[in-house]
Amino acid sequence: ILTSSNIGLSRWHQDGWQDFTKTNGIPDSGISALLVSRDGQVWLGLRGHGLVRWLGYGHFESWTMAQGLGDLRVRSILRGADQSVLLATRAGCYRLELAASMGAPCRFGDLPRGEIQVMTRGGGALWIGMTTGGLFRIGTGDQHATWVADVPSMRKLYVDSTSRLWICTDTGVAV
């Protein structure tokens, strides 16, 4: 188990938690998003400091505005179906390809520009919740976003094993 903590990263190891902090190379800006990909890579969204891929114990590869990210606040990190990495940021959806050295805006038609609050994948779709309350669905293989509903104050999206979308908000949970 790997999780962000108020001091960096924590990993469950045998009988307790092992902390990774600034002394281990973890940036001390605070972790806002965490993804461990299927191939074991660890990606960290940093509050106000972009995105880093933790190569292990003091070794990082990072992307910032200098590499094409539109805003340094990363809210969600997802692995794309094509092995790219999708980022929900204050400037919208961004995509990183591991072989590329630059990030670029996602190219989804009808997805409004602006801050993304939450993003998840499941049930054959990419789900994007905008800070303004718009909930959008992009089907697998589609390049077009479809508006689903206006849901204010989204905080978390989760797709369960029956492909139902659970939406956590400041005022409750909806399915």
(request) Count, please, the residues in the stretch 133-175 that happen to be loosely packed, with under 12 Cβ neighbours inside 10 Å, free of Cβ contacts under 8 Å to residues at least 24 places away in the same chain and of a type in the set (Val, Ile, Thr). (result) 4
(message) Tally up the residues in the stretch 86-111 that are loosely packed, with under 15 Cβ neighbours inside 10 Å and either at pLDDT below 90 or in a loop (DSSP other than H, G, I, E, B) (or both), please.
(response) 8
(request) Report, ordered by the first and then the second residue, all pairs with beta carbons closer than 7 Å, sequence separation of six or more or different chains, a first member in the stretch 1-13 that is outside any strand (DSSP E or B), and a second member that is surrounded by 13 or more Cβ atoms within 10 Å (Cβ to Cβ) and acidic (Asp, Glu). (result) 7/19
(request) Provide a single number: the residues in the stretch 112-131 that are closer than 28 Å to residue 161 by Cα and loosely packed, with under 15 Cβ neighbours inside 10 Å. (result) 1
(message) Just to be sure before I move on: is residue 83 under 19 Å from residue 34 (Cα atoms) and in a loop (DSSP other than H, G, I, E, B) in the structure I sent?
(response) yes
(request) Could you please find all residues in the stretch 140-172 being touching a Lys or Arg at 6+ places or on another chain (Cβ under 9 Å), over 17 Å from residue 109 (Cα atoms) and of a type in the set (A, V, I, L, M, F, W, C)? (result) 159, 165, 166, 167, 168
(request) For the stretch 139-156, state whether one or more residues are touching a Leu at 6+ places or on another chain (Cβ under 7 Å) and part of a loop (DSSP other than H, G, I, E, B). (result) yes
(request) Collect the residues in the stretch 41-67 that are at pLDDT below 75 and not in a strand (DSSP E or B), keeping them in residue-number order. (result) 48, 49, 57, 58, 64, 65, 66, 67
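The values are calculated or read from the model by the stated rules, or taken from the named source; none is laboratory data. This is a predicted model, so every value here is computed, not measured. Cβ atoms come from the backbone with ideal geometry, glycine included; neighbour counts cover every protein chain shown.
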